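Reviewing the structure listed below.
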Amino acid sequence: MAQQPLATTLDLNDIQGDILSGLPKKTETYIFFDIQNVQAFKHALKQFAPLVKTTAQVLKDRAAIDEHKKHGHGGLIKMTAVNIAFSAFGLIKLGISQTDITALGSTAFANGQLKDSENLGDTGTGTGATFDPDWDPAFKKKIDGLIFVAGDSHASVDEKVGEIKHIFGHSILQIASIRGDVRPGKEAGHEHFGFLDGISNPSVIDFDKNPPPGPKPVRAGALLCGHPGDLTSTRPSWSFDGSFLVFRYLFQLVPEFDQFLRQNPVVEPGLSPEEGSELRGARFVGRWKSGAPIDVTPLKDDPALAKDPQRINNFQFTQNDQTRCPFAAHVRKTLPRADLEGPPFNIDLESRRITRRGVQFGPEVTDEEKRLNKTQHGRGLLFVSYQSSIENGFQFIQHSWANTKTFPPQNTGVTPGIDPIIGQADGAPRDVTGTNPVNVAETLTLPVNWVVPRGGEYFFSPSIKALKETLAA
Ligand code: N7H
């Protein structure tokens, strides 16, 4: 197929709403499905496509929410937003040729995430072709597609899910349905360990007007296929305005994480044991629970800074120095900023940027779990990221950065260790350094994986045009 010219403008009516803007949500239901009857499905897709919320519509919804708040109206506007994505298996069922799947340029996508699970460091038994990850059985089945519905309440989302199920009828079989919820009260926006999330997603040139100070804005092609910045030149034209969606079903052992921090406070003059534990946790993440970056405020939290969009993401890290922020801290591992962008490497990180969506799932920690220091109810993160390349984005970050002990490169003679939040050590001890600011060479061995992957899949989130003209019939 002849290479199409790259799109130079963003058609916000063609791009699904979650990618650039994030669907507004208090709750979100993810439905993983198998296509049972291809012709009936393609027909139903025609009827379903107008329900898919575009970026332009999400911007309107967000403006309506802002207006509602400005006028001091209580409660939430009744609202839902639907998006859809397909695995390679699903696209093939819908008639996309093997040649086009190959031309998409992603082996990880073509083979599916189950085959990539060992490479990602997920725990399991066997090795190579016999590797069997410790995943929920649903994710070991072939999943063709994912429909997700975000909204203001369970009632609104359930009603929309009912409408969608009616459209698809028996053309699909539900493999799994997972409900995620924003955490309640003042924990809203915070993930289950308690840290504010959703702070640092890439600003996209020509989309995000007046980006706040922080990492360099990216060209749209870092996230969207067929735009400048997309490094794959073989894309079929139907993939333009689409993006690869990585889904990960990540459980979090919150009582165990909290107990470890309580038992391992940073001991420093002037810090109470509670403050020492809080500091240890902040050094694992690279941010305080408020979201304030430790690279800016290394010894105590600064909630006022965290509320200031001009300051919350305005830091770079200092090469070869982990007194303020450990090399292994989650946000340094997953976006090392000046560690790579500065001399002598001068590496542009645009192709490594991903935008994270997703939502928390599971209940709040109960009193009994706190008492026993043991998880009894499943909870965690329904992780979603978008990028124009799984290999350059999510896969590289997890495999070559988070799980790699020697990353980021530095010449202090101290090995950084793995990312204490998501790093997998392939059976070896989960060692980290730098988490004690008084002695950055001290190695801490982490007893368990506090983040436990239990499934996932690689999907493609197509444009509205591709949905209507290429996939539906
Ligand atoms: Fe992470 N956490 O609570 O510690 N993440 N993450 N993540 N993460 C970030 O900056 C967390 C996961 C990235 O631009 C924050 O928005 C948890 C995976 C990237 O500076 C917090 C889980 C991958 C960034 C967390 C989890 C990433 C980032 C700070 C799993 C990719 C932005 C808030 C349960 C492989 C880095 C913010 C930047 C930030 C947490 C998963 C990547 C608090 C609990 C699997 C790129």
Amide proton proximity set for Arg357, modelled H, under 5 Å, gap of 5+: Val384, Ser385, Tyr386
Order of Tyr30, Tyr386 under a 10 Å beta carbon neighbour criterion, fewest first: Tyr30, Tyr386
For Lys25, Lys300, order by how many other beta-carbon atoms lie within 10 Å, fewest first: Lys300, Lys25
Degrees between helix 254-263 axis and first principal axis of the chain (Cα, 0 to 90, nearest 10): 10
The range 199-290 shape via C-alpha gyration tensor axes, a/c threshold 1.5: prolate
Degrees separating the helix 273-285 axis from the principal Cα axis of the chain, which is the longest one: 40
Amide H partners (placed H, <5 Å) of His190, local residues excluded: Arg183, Asp197
Length released on extending from Thr412 to Leu173, taking residue separation times 0.36 nm less the Cα-Cα span: 80.6 nm
Fewest-first sequence of Ser233, Ser203 by Cβ atoms within 10 Å of each Cβ: Ser233, Ser203
C-alpha long axis of helix 38-48 to longest principal axis of the chain, angle in °: 80
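Values quoted throughout were computed directly from the atomic coordinates according to the rules given, and no laboratory measurement underlies them. Since the structure is predicted, the reported quantities are computational estimates derived from the model, not experimental observations. Neighbour counts are summed over all protein chains in view; Cβ atoms, including those assigned to glycine, are modelled from backbone coordinates with ideal geometry.
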